[in-house]
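Colleague: Before we start, here is the structure in question, set down as structure tokens.
Nothing in this text is a laboratory measurement; each read-out follows from the coordinates by a stated rule. Small disclaimer: the values here were computed from a predicted structure and weren't measured. Don't worry about glycine lacking a Cβ; one is built from the backbone with ideal geometry, like all the others, and counts go over all protein chains shown.
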Amino acid sequence: MSILIRCTVLTSLLLLAPLGRAAAEAVLWLHGPGDGQPSQALALETDVDIEVTGLLAHAFVSQRFYNDSGDWAEGRYVFPLPDDSAVESLTVRVGGRLIEGEIQPRAQARETYQQARREGRVAGLVEQERANVFTTSVANIPPGEEVEIRIGFRPRVDFEHGRFSLRFPTTFAPRFIPGQALPAGLGADEPGGGWSPDTDRVPDASRISPIVQHPDAPDHNPLRLRVSLNAGMELAALESSFHAIRRDFDGERWLVEMDETPQGRRRDFELTWRPAGQNRIQSTGFRQTLGGSEHVLLMVLPPEQQQRSRSPRELVLIIDTSGSMRGEPMSQARDSLLFALDSLSPGDRFNVIEFNHLTRSLFDTPVAASNRHISQARSFVQRLSAGGGTVMGPSLAQAMQPPIPDGYLRQIVFVTDGMIGNEREVLDQIRRDVGQSRLFTVGIGHGVNSQFLRDGARFGRGSYTFIGDTGQIHERTSELISQLTSPVLKDIEVHWPVAVEAVPERLPDLYAGQPLLVTARADELNGEVMIRGRHEGRAWQTSIPVDALQMASGVAAHWGRAALQQLLDQPTSPAERQALRPQVEALAIEYQLLSPFTSLVAVDRTPARSRQIALRRHDVPTNLPAGRSLDGFFSGARAMPATDAGSENSLLRGLLALLLVGLLLGHKRFSRDEDALVEKEKQA
């Protein structure tokens, strides 16, 4: 039994679920040597402060660890941030000392951290696992001492359909991990110890597969979230989509604070605001000079007139029925599809495809949108239930690959929570096979993998819609239908007065309610920026004088993050991706941003822990998002269904993970000694 427990501890990644409920309920338990009595070893609480000015935001996440275990401790957790966040700073506070972090190449930063760890110095390390998923490690927390990790980043502010929105994830759900386990040393450059081994299809699976805490576990550590909003205009509405909030206006800024029960913190936080009618938003922009270069961010609104498209559509609705969709998400997904079916017009064609670890379509090929076929589809959708793994590829292939009938516009609506670990594999498939189709992604429920779905829509030249709960289905689906049936602004060109480095290089078509966001860097910028396109077959243009752009901090970071993403979008193979490493590292270091190839590291130069004293590592479990069923992720003989159904290795991994969950549900507490580590430190 002791061998099994040791193995279980080694597979427990400390993932601080998306800053919110996960962070709020992260509790570490430790077995003292030989006493058999578990104790709470490390407490964690989280503060989130976000300052918004117009389209730009600056945020800090502060996480406090209190080590009351009596041992020197190391903490490690994984957490999500809002999509496309530009992470730029790290500070570590311990006792009276404040330690500032710096951006280094990933391997160098990890070695800096590990050397400090061996030498007994307090150190912090932040690494990027996905574009919106990060890992933080903090070493040598003294007994009876509090350590604060403070991460600075710049989240995105969206503007669509006449409203601004700011979203902050508060939970992180388990992800489906396909593939065969890799031998030791062939997976992640630094294994993470998660419930899943690294696999040939998700080589870093051990770093993104944390333990899941039972939804009924008590809330020990609070999350506080505050927003300071300078909208720059009179507001007609300021609302939180899923939480109770306190609001106060000081004459210039709105001060918003989340006022919610612990259970409510398992919902993603979304703040929305709408300008008053007389202050309707026009095209606007910001600028910042940094490092001798001029940086600009433009938001251009297309014409408001909307006319229903007269072109017949081939609408393919794909719905995720895997286990992670069990509970409220499945109900929301069904209702969204029923709403979409009502948008079909005579002359349209359609089909409905469901997938879990298998793919099943209602019709062999798209059929005419007759009353009889739509009635069949409604019955099909209403009978759908959730269960099984999450294998997306075959359903997307069935929708994208067949030739498009002459005269039709194919639109694919992909309804899912996106809970997979092999995002790049699926995104590469979309880029390769989408052709002239348009892919619209719909994220269902809290804890959704929204960065993946946003990227999929971008590669598919469509749009991303987030539906957090049942109350949003009508509004958000109506907006999606408006995009599907309204003409777009096509053939968009931006003409700059001087040579610039603009992102994106290839401009997308715009759908109803969507603005065009363009960011650029130049040595010097004056004159006017001209934007041209075609609207309803006619020429359309607008211009923005550079002198009219508002000065604002954060514009350079926005350009740097967008330029990094454009670089990372290019490769389609691991070899091509590695070839871009020097460019990505150079750009990330220039703009002091995290990337897959750079990390933030902070080290106290004063040794604290004697090398003869053992260092205990503590793992923080993540929490299940609101509305999701634990059975959807951990059911039957498998903790997470594997792609290779029936594989003995997958079954063994599932049984081990299921045992771990059972132990967690019984509030068992683990620790692992580090005799081997101490021995290595003595020899160092």
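Colleague: Please arrange Asp200, Asp68 by counting, for each residue, the other beta carbons lying within 10 Å of its beta carbon, fewest first.
Modeller: Asp200, Asp68
Colleague: Could I ask something else about it? On average over all directions, what projected area in square nanometres does the stretch 411-492 have, based on the convex hull of its Cα atoms?
Modeller: With the hull built on Cα positions only, its mean projection is 5.7 nm².
Colleague: Identify, among Ala520, Trp496, Ser486, the residue whose Cα sits farthest towards the positive end of the charge dipole of the stretch 449-533, taking +1 on the Cβ of Lys and Arg and -1 on the Cβ of Asp and Glu, with the dipole about the Cα centre.
Modeller: Going by the charge dipole, the pick is Ser486.
Colleague: Below 8 Å, C-alpha to C-alpha, sequence gap of six or more: please give me the relative contact order for the stretch 313-485 in percent.
Modeller: 25 percent.
Colleague: Something else now. For the pair Ser482 and Arg372, what calculated FRET efficiency results from E = 1/(1 + (r/R0)^6), where r is the Cβ-Cβ distance and R0 = 25 Å, to the nearest 0.05?
Modeller: Values: r = 27 Å, r/R0 = 1.08.
So the FRET efficiency works out to roughly 0.40.
Colleague: Which order, highest average first, do 407-414, 122-129, 234-241, 345-352 follow once you tally other Cβ atoms within 10 Å for each residue and take the mean per peptide? Working shown, then result.
Modeller: Working: 407-414: 20.8, 122-129: 24.6, 234-241: 14.9, 345-352: 18.2.
Averaged packing, sorted descending, gives the order 122-129, 407-414, 345-352, 234-241.
Colleague: Figure the gain on full extension for Glu425 and Gln282 (residue separation times 0.36 nm, minus the Cα-Cα span) and round it to one decimal in nm.
Modeller: Full extension from Glu425 to Gln282 adds 47.6 nm.
Colleague: Would you be so kind as to identify which of Asn422, Asn351, His474 lies farthest towards the positive end of the dipole of the stretch 313-485, taking Lys and Arg as +1 and Asp and Glu as -1 on Cβ and the Cα centre as origin?
Modeller: Most positive-ward Cα: Asn351.
Colleague: Another question about this same structure. For the pair Asp49 and Gln115, how long in nm is the line joining their label points, each one 7 Å along Cα→Cβ?
Modeller: For Asp49 paired with Gln115, the spin-label model returns 3.3 nm.
Colleague: Can you give the charge dipole size of the stretch 313-485 about its Cα centre, rounded to the nearest 20 debye, using +1 on the beta carbon of Lys and Arg and -1 on the beta carbon of Asp and Glu?
Modeller: Magnitude of the dipole: close to 220 debye.
Colleague: Here is a follow-up. Between Asp259 and Met530, what FRET efficiency comes out of the Förster formula 1/(1 + (r/R0)^6) with R0 = 41 Å and r the beta carbon distance, rounded to 0.05?
Modeller: 0.30
Colleague: Still on this structure: With only alpha-carbon atoms in the gyration tensor, what are the semi-axes of the equivalent ellipsoid for the stretch 313-485, in Å, largest first?
Modeller: In descending order the semi-axes read 21, 19, 16 Å.
Colleague: Can you give the translational diffusion coefficient of the stretch 49-114 in µm²/s, computed by Stokes-Einstein from the Kirkwood radius over Cα pairs at 4 °C and 1.567 mPa s?
Modeller: It diffuses with D of about 86 µm²/s by this estimate.
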